[in-house]
Each structure stands twice: as structure tokens, then as C-alpha cells.
Amino acid sequence: MKPAAIAIAGLSLALGMAFVLAFRQPASKKPEPAQWNPRTHVDDDLGGPSKRVAVGGPRAVVPASGTAGVAEPPARGVDPLWAQKNRSAIQLLEKGQLAEAVALFEACVSAVPNEKVFQQNLAEGLARWGSEEWDRGGTAGQASAIAHMKRAAELAPDREDIQKRLAQMLALAQSEAGNWTESSGHFDLSYDGSRDDLAFRTTEIFDVLEGGYLDFTEQFGIDPVAGGRARIRVVLYKRDGFHGATGIGHWAGGLYDGSIRVPLEDLGRERNQLRRVLRHELVHAFVHESGGRDVPGWLNEGLAQLLEDQDPATLGRALDAARRKLAGAPLVSLEGLGGSLGQVGDDASIQRAYAQALLFLDFVARQHGDRVPFAMVAGCKLAGGYAAAFERATGLPLPTVFEDFRAADRR
């Protein structure tokens with residue numbers, strides 16, 4: 001997103017959300033999401049597409065110097081001591097030291113309560129902190145995340161992105177009111193305890209989740225919970241409750257927004273679909289922990305598709321379906337698939353985008369090693385990003401390999 005003018009450099013409210021969808025009705029009947037602006041993955045042959053969405057987004061200006069800082073100085077007459085503390089807080093914020101940054105912004109606002117720039121920067125810090133707590137704080141982090149986002153909304157009532165994100169948080173929290181919670185080593189499972197289909201059967205769900213966690217810990221080379229994030233929350237809904245809570249239409253089959261949220265009518269009938277959905281969404285959790293918020297759409301969704309099922313035959317069918325979707329169609333550049341894949345065009349274009357993401361990641365893994373996609377994800381947090389990480393891993397520029405993929409016979 002293009003930044004808009006406020007007091008400091010970009011708000012990181014843009015939260016990667018992943019959806020797994022049940023795309024079973026005609027496209028003309030697909031309800032439009034009211035506020036989530038999702039990325040869409042459609043896989044007709046294998047039972048469903050996936051969606052990802054960015055909520056909020058960069059709002060602030062990077063100053064002309066190119067360093068993160070204020071877009072405008074505090075008003076004349078403000079004590080230089082507090083102007084300097086404000087600059088120090090911005091530096092902490094851009095390093096991800098959110099609690100420390102907020103403490104300094106709070107001090108600035110307390111000292112000069114009418115200074116608008118200080119108020120805006122405190123709102124920014126609180127919003128980033130609340131978003132991070134929602135993302136990684138698990139069950140206990142929700143209340144703190146909402147409290148911080150409420151304060152940010154009060155300080156910056158004109159920030160539509162903050163107001164919208166707060167409304168989403170409140171709706172999602174309310175959707176879980178009265179739920180039971182069970183826990184395993186790495187997950188909190190939230191669900192309606194009166195459901196007969198889940199009575200004494202949640203062990204099946206934990207087995208899928210813990211098995212996936214073990215697989216992905218080895219593949220990504222990280223252990224998110226041991227690394228400091230809270231247990232990953234998994235929320236099960238009846239279908240109507242899921243759609244009511246998220247605002248997503250009835251084509252949606254799952255969501256990752258820092259928690260894994262899945263509509264499930266009957267565990268006995270939907271066991272196989274649930275396994276695929278849970279693993280797919282769990283990949284997105286690992287991608288976020290490994291690569292942060294800047295992992296491009298083609299890499300995030302391509303990897304989730306590669307890893308969502310352990311059966312090689314199922315992956316083979318998915319690849320065949322992807323080839324059929326791309327047959328005779330021009331490829332889109334990686335830059336063109338860097339953002340929300342749900343915004344690349346109509347439903348057919350979206351299907352091709354996800355097919356291309358899957359096929360390209362499979363091509364990279366087969367030609368250059370199955371560790372390379374994971375290296376690219378981790379590289380998103382490093383200088384040079386995923387492209388530099390790819391070149392370090394393979395000795396080749398990523399654009400060259402993409403041209404090899406373009407020239408390859410994908411029949």
C-alpha cells in the first residue's frame with residue numbers, strides 16, 4: 001500500500017490472514033467479503049481454495065531522509081528533550097521493540113499532552129503492539145491486544161485502519177464467548193462444549209495439529225512456541241458462526257489471523273477435509289514466525305499448498321490440476337503475485353495465480369532443493385529479502401530461475 005501522511009513510518013497492522021475455502025457454488029453467487037479484502041486460492045479438483053488478506057496497512061510517511069521518523073516535527077516551543085525522546089521511541093518502534101517504544105511515547109504524551117504528533121505516534125505504537133499481541137499472544141494475549149488497540153483508537157479517532165482492526169478483534173473475541181478451551185503442548189483449542197460431534201473426540205484434532213507442528217518445526221527449522229510465542233489458538237465454529245464472526249462469505253473453509261479459525265459442522269463427516277485445512281493454516285503460522293509480514297503471496301500460498309497434505313499422490317493430483325488451470329495462459333511475474341493473490345483479477349485469474357504459485361514452488365524445490373523455499377521465507381526478515389536468500393542458496397538470480405520455469409514444459 002502507498003503510505004499516507006501521519007507522524008511516523010508505516011503501521012504494521014497489515015496482518016497476513018489465510019483462508020481455506022469450499023468453493024462449491026457458482027461464481028455469480030459468491031458473496032463479497034464485507035471488510036476482509038482477501039487473497040483467494042481456488043482448487044476445484046482438491047476440494048477448496050485458500051484466501052489471505054491484509055488488514056490495515058502502512059499509513060505513515062517515511063521522511064525525506066529515508067530513515068524511519070516523524071513526518072512533521074513537533075510544534076515550535078516543544079522542549080527539545082521530548083522531541084529527542086520521540087525520535088528515540090521511533091527508532092525503538094522500527095526495531096520491533098514495541099513495549100519500550102510505547103513507554104517512551106507515553107512519557108512524551110504525559111509531558112506534552114496537547115502535542116498531536118506525540119499522540120499519533122503513541123497510537124501507532126499501541127496499534128503495532130496490539131497487533132503483535134493478537135498475532136502471537138494466544139488466548140491470554142487477546143485481552144491485552146484489545147486494550148492496546150482501544151487506546152490507540154481513542155488517541156487517533158481518524159485512523160480508519162485502527163478503528164476497523166479494533167472492530168474485527170472485538171467481533172472475533174465475542175464469537176468465542178462461552179467456549180470451552182482444551183490445551184496441548186503447542187495449541188489451545190476453543191469450541192462449543194455442547195457439541196456432540198466433538199465430545200471426547202478432540203484428541204483427533206490435537207493429533208493432526210501436533211503432528212503438523214512436529215513436521216513444520218523440522219522443515220522450517222524453528223519452534224515458535226519454544227521461541228516465545230504463546231500456544232497457537234485454534235477455534236472451531238459451526239459454519240454460520242464462523243461466517244458471522246469473520247464477515248467472510250459461505251465459500252470460506254478456514255482462516256488464519258494469528259489464530260486458526262475453522263468452520264466444522266460434523267467431525268465424523270469432515271475429518272479428511274479438516275486435516276488438510278488445519279495443516280494449510282498451520283503452514284501460514286510458521287511462515288509468519290519465520291518470515292514476518294513481508295513474505296510475498298506466491299511464496300506463502302505456494303508453500304502452504306505444497307505442505308498441506310502428506311500424501312504424495314494428493315500432491316500429484318494438485319499439481320496436475322494446477323497445470324490444467326495454467327494451460328495456454330501467460331504467466332504473471334513474481335512481482336505481480338507479490339501481494340494479495342485475491343486481487344489479481346477475476347476468479348479464473350485468481351485460480352491461475354494460485355496454480356502458478358504451487359507449480360513454481362514445486363519447480364524450485366525439484367530443481368534447486370526442497371530447502372530453498374524455506375530459506376526464501378526466512379530471508380524475508382534479512383537484508384535483500386527472499387531474492388537475496390534464493391541467490392545465496394542456489395548461486396543463481398531468482399529472475400533467471402523464473403525464466404527457466406517459464407520455458408519449462410509444464411504438461
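Check the stretch 150-168 and report whether any residue there is crowded, with 22+ Cβ neighbours inside 10 Å and touching a Phe, Trp or Tyr at 6+ places or on another chain (Cβ under 6 Å). Scanning the stretch 150-168 turns up no residue that is crowded, with 22+ Cβ neighbours inside 10 Å and touching a Phe, Trp or Tyr at 6+ places or on another chain (Cβ under 6 Å). With respect to being closer than 20 Å to residue 85 by Cβ, without any contact (Cβ under 8 Å) to a residue 60 or more places away in the chain and out of contact with any Cys (no Cβ under 9 Å at 6 or more places or on another chain), residue 125 fits the description. Give the residue that is farthest from residue 323 (Cα to Cα), with candidates limited to residues of the stretch 362-395 that are in contact with a Ser or Thr (Cβ under 7 Å, 6 or more places away or on another chain) and touching a residue at least 60 places away in the same chain (Cβ under 8 Å). Within the stretch 362-395, the match that is farthest from residue 323 (Cα to Cα) is 378. Within the stretch 298-345, if we keep just the residues that are out of contact with any His (no Cβ under 7 Å at 6 or more places or on another chain), more than 18 Å from residue 275 (Cβ to Cβ) and charged (D, E, K, R), the residue that is surrounded by the most Cβ atoms within 10 Å (Cβ to Cβ) turns out to be 325.
Across the stretch 211-266, what is the total count of residues that are among the acidic types (Asp, Glu) and more than 21 Å from residue 195 (Cβ to Cβ)? Walk me through how you get there before you give the answer.
Residues of the stretch 211-266 that are among the acidic types (Asp, Glu), as a first pass: 215, 218, 223, 240, 257, 265-266.
Cutting the leftovers down to more than 21 Å from residue 195 (Cβ to Cβ) gives us 215, 218, 223, 257.
Total meeting the criteria: 4.
Looking only at the stretch 362-376, decide whether some residue is modelled with pLDDT under 95, surrounded by fewer than 20 Cβ atoms within 10 Å (Cβ to Cβ) and among the polar types (S, T, N, Q). Scanning the stretch 362-376 turns up no residue that is modelled with pLDDT under 95, surrounded by fewer than 20 Cβ atoms within 10 Å (Cβ to Cβ) and among the polar types (S, T, N, Q). The helices (runs of 4 or more DSSP H) found entirely in the stretch 301-411 that carry 1 or more residues being more than 25 Å from the chain's Cα centre (by Cα) are 312-326, 347-368, 385-394, 398-407. Residue-level check: of (1) under 30 Å from residue 266 (Cα atoms); (2) buried (at least 22 other Cβ atoms within 10 Å of the Cβ), residue 142 misses just (2). Looking for something more than 24 Å from the chain's Cα centre (by Cα), β-branched (Val, Ile, Thr) and modelled with pLDDT under 60 - is there at least one such residue anywhere in the stretch 73-93? Among the residues of the stretch 73-93, not one is more than 24 Å from the chain's Cα centre (by Cα), β-branched (Val, Ile, Thr) and modelled with pLDDT under 60, which makes the answer no. Are any residues in the stretch 107-122 in contact with a Phe, Trp or Tyr (Cβ under 7 Å, 6 or more places away or on another chain) and either without any contact (Cβ under 8 Å) to a residue 24 or more places away in the chain or within 11 Å of residue 85 (Cβ to Cβ) (or both), and if so, which ones? Within the stretch 107-122, 108, 109, 111, 112, 118, 121 meet the criteria.
The values are calculated or read from the model by the stated rules, or taken from the named source; none is laboratory data. Since the structure is predicted, the reported quantities are computational estimates derived from the model, not experimental observations. Backbone-built Cβ (ideal geometry, glycine too); neighbour counts: all protein chains shown.
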